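Taking it in order: structure first as structure tokens, then the write-up.
The values are calculated or read from the model by the stated rules, or taken from the named source; none is laboratory data. The shown structure was predicted, so the numbers you read here are calculated from the model rather than taken from an experiment. Don't worry about glycine lacking a Cβ; one is built from the backbone with ideal geometry, like all the others, and counts go over all protein chains shown.
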Number of protein chains: 2
Amino acid sequence: MPPETDSAHDRHRTLRFHASDLQRFVVCILTAYDVPHEEAGIVADVLVSAERRGIPSHGMGRLSLYSRRLREGKIHSSTKLVTVRESSAAFCLDAGQGWGHVAGHHAMQRCIEKAKGSGICIATVRCSTHFGIAAHYAMMPLDHGMIGFAATNTRPHVAPTFGRAPTLGTNPFSLAAPALHERPFVLDMSTSTVAMGRIKLHEATQQPLPAAWGIDDKGDVCLNPGVVLERGALLPLGGFDETSGYKGYGLAFLVDILSGVLAGAGFGPLMPHEHEESGPNIGHTFAAIDIEAFRPIEDFLRDMDRLIQAVRSSPKEEGANRIYIAGEKEFEQAEQNDRLGIPLMPHILNALQRESARLGLPFDLTPID
Amino acid sequence: MPPETDSAHDRHRTLRFHASDLQRFVVCILTAYDVPHEEAGIVADVLVSAERRGIPSHGMGRLSLYSRRLREGKIHSSTKLVTVRESSAAFCLDAGQGWGHVAGHHAMQRCIEKAKGSGICIATVRCSTHFGIAAHYAMMPLDHGMIGFAATNTRPHVAPTFGRAPTLGTNPFSLAAPALHERPFVLDMSTSTVAMGRIKLHEATQQPLPAAWGIDDKGDVCLNPGVVLERGALLPLGGFDETSGYKGYGLAFLVDILSGVLAGAGFGPLMPHEHEESGPNIGHTFAAIDIEAFRPIEDFLRDMDRLIQAVRSSPKEEGANRIYIAGEKEFEQAEQNDRLGIPLMPHILNALQRESARLGLPFDLTPID
């Protein structure tokens, strides 16, 4: 039953969809904005990959934002990647304010190819835009017997230790490493205590924040998500100085050195604002490490299983059922979503319907019964 | 006035020494244990570098520990480095249970040479021992227009999120990047909220721990440093799950993948215990990134200054005087110590005196007046 014929009841419940249908929908919308078919497919891959893995903050809901930026000319519909510099194990790309997803996909593919010969390859990208979830790129090398790394800077949201203003980005990064029988290790983390999405979710559901998530405009701890969003800032991982927040602040700075300064992109509080004439200048970093350059891949995979199993079976705190490995929750969520379909909340579905209507396209996204 | 003629007063006060005298003292002790002169010099460099930078937990106090391990055969007096695998931008060394410092020094030197051609080089080291402060190695590439990275795993001290036992190492890493007029950015951090030294210092001074530093053997927060050391564990950076401790846990795991599993060294809870027959099997990771492979070095250095100055001059929280850049406190400490001499606490000085006596060497360490 398509949503346009929904009952009042259906309009308020979460419906589930096939990943392939969501994929096709994104491509349909983006190609209507003159995004080349291959590029639209890559953006769709990244958005659906976030939905599958249970990270809806980086999923289908981004499509309206991307559409608006396309209409405003803040994302160029097609991505002209220019290689600025290149050596045997490193290169720098300019994405010309095209798609961060497309730049990320091609940068990581080239990293994988080059790392086969040299053991490692690292790439930076400048003049780019939002690239979605970092884990999508970090996981690309897994099937090639490689470890993957991806990082991006963002607009400033995080206060440095002893500061009180949004100064550094949430600057997430991801590292993925394959295992034998176990699922891969996939760490994907912002360098703030939580990313913006978690604060917004607390605001939407009118829940107070845990301490160490955010501060107000004086730099004091603040449990009110609205105040943090409006005039406060996020705290770096670790919180205040006493609990080593300077380490999370240092990590955010580190990502800005690699993805901003080394890439020749924007960085820190000097990142161009959304309304600035110069346009976006987000920067990314990608790396692929060939495991065989260090030891036989089968030994590495076996030891990954041993490490994962030893940590998972270590003694649990009272009341805890389980110790998770980074990425494990997301793999389980993806398996469930592949079985049942990907859930979309009603406000996301409505936004997608509006996008179709704006472009005069039929809204043919059909939920799973 | 040499310490052996100290008054009762002098025995209880901190005396200051020239870095070059401490350096010579370490070489003298280690060569008496048949450590080759060049290797003793490298170990001395790293220990004195920690003292200069105000990190005495990794300084002269380690000499007694190293001496004991030399006597027990747990560090081989000379380091036979074997290249296990090598490609154009990656290699793996076996340190044969020699000096971690010597392995680190040579690994990073080779990384710098190889990165000149390829843009980046990464090295792992297996069968190694304690290598001192990670920042020492991460800073080696700075004078070559490069970014440096160093990481090591350690014996397990940290509980994973929802765990309660020491399972992963404090697994520190360091990243250093040069600037133009500003001092370099030097992040050097354990992936736990604090390293073991901070807990031991609180135990020695009988001060309760801040929350989020450690847990007891049930996994509950524990403010008693003795209990944390005896039967508890350190918390990862971020503390418990609600404040994103799973990110610090993920970082510790990440370092163990690179320095343990990828290197073919020990890892996690499977790291050999000190008393085990097999001997130590600590692993390290080093990398050097050539900035010119991405953009002109002068542009990078200028933008590093801009980023540092923008963050430093951002609004401060009420009551705060200053926003620090990673490494800034250590540079200022080093400048002060170069001016006034390096302070050694009485119990460290006594330990050094005992080392000399044990070897029948004259104790000729003379404090600065």
Hits in region A:211-240 (condition: more than 8 Å from chain B (Cβ to nearest Cβ) and crowded, with 24+ Cβ neighbours inside 10 Å): A:Gly214, A:Val228, A:Gly232, A:Ala233, A:Leu234, A:Leu235, A:Pro236
Considering only residues that are more than 24 Å from B:Val35 (Cβ to Cβ) and of a type outside the set (Ser, Thr, Tyr), which ones fall in region B:67-110? B:Arg85, B:Glu86, B:Ala89, B:Ala90, B:Phe91, B:Cys92
Of all residues in region A:299-333, which are free of Cβ contacts under 8 Å to residues at least 12 places away in the same chain and away from chain B (no Cβ under 11 Å)? A:Glu332
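Residue-by-condition table, conditions (1) aliphatic (A, V, I, L, M); (2) farther than 23 Å from A:Met271 by Cα; (3) buried (at least 24 other Cβ atoms within 10 Å of the Cβ); (4) within 16 Å of the chain's Cα centre (by Cα):
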site: A:Ala138; (1), (2), (3), (4): yes, yes, yes, yes
site: A:Pro141; (1), (2), (3), (4): no, yes, yes, no
site: A:Pro166; (1), (2), (3), (4): no, no, no, no
site: A:Thr170; (1), (2), (3), (4): no, no, yes, yes
site: A:Pro178; (1), (2), (3), (4): no, yes, no, no
Got a number for residues in region B:180-210 being surrounded by fewer than 23 Cβ atoms within 10 Å (Cβ to Cβ), within 10 Å of chain A (Cβ to nearest Cβ) and touching a Phe, Trp or Tyr at 6+ places or on another chain (Cβ under 7 Å)? 0
If you go through region A:306-322 one residue at a time, do you hit one that is within 19 Å of the chain's Cα centre (by Cα), hydrophobic (A, V, I, L, M, F, W, C) and either buried (at least 17 other Cβ atoms within 10 Å of the Cβ) or closer than 26 Å to B:Phe240 by Cβ (or both)? no
Please work out if A:Gly248 is in the same structural domain as A:Gly268 (by TED's automatic domain parsing) and surrounded by 24 or more Cβ atoms within 10 Å (Cβ to Cβ). yes
Name the residues in region A:209-239 that are in contact (Cβ under 8 Å) with a residue 40 or more places away in the chain, within 21 Å of B:Thr193 (Cα to Cα) and under 23 Å from the mean Cα position of the chain (by Cα), would you? A:Leu234, A:Leu235, A:Pro236, A:Leu237, A:Gly238, A:Gly239
Answer residue from region B:290-347, given it is of a type in the set (Val, Ile, Thr) and in a loop (DSSP other than H, G, I, E, B) and is nearest to A:Phe91 (Cα to Cα) among those: B:Ile325
Members of region B:256-278 that are facing chain A (nearest Cβ under 10 Å), surrounded by 24 or more Cβ atoms within 10 Å (Cβ to Cβ) and part of a helix (DSSP H, G or I): B:Asp256, B:Ile257, B:Leu258, B:Gly260, B:Val261, B:Gly268
Can you say whether B:Ala123 is within 17 Å of B:Val46 (Cα to Cα), within 13 Å of chain A (Cβ to nearest Cβ) and buried (at least 24 other Cβ atoms within 10 Å of the Cβ), as far as the supplied structure shows? no
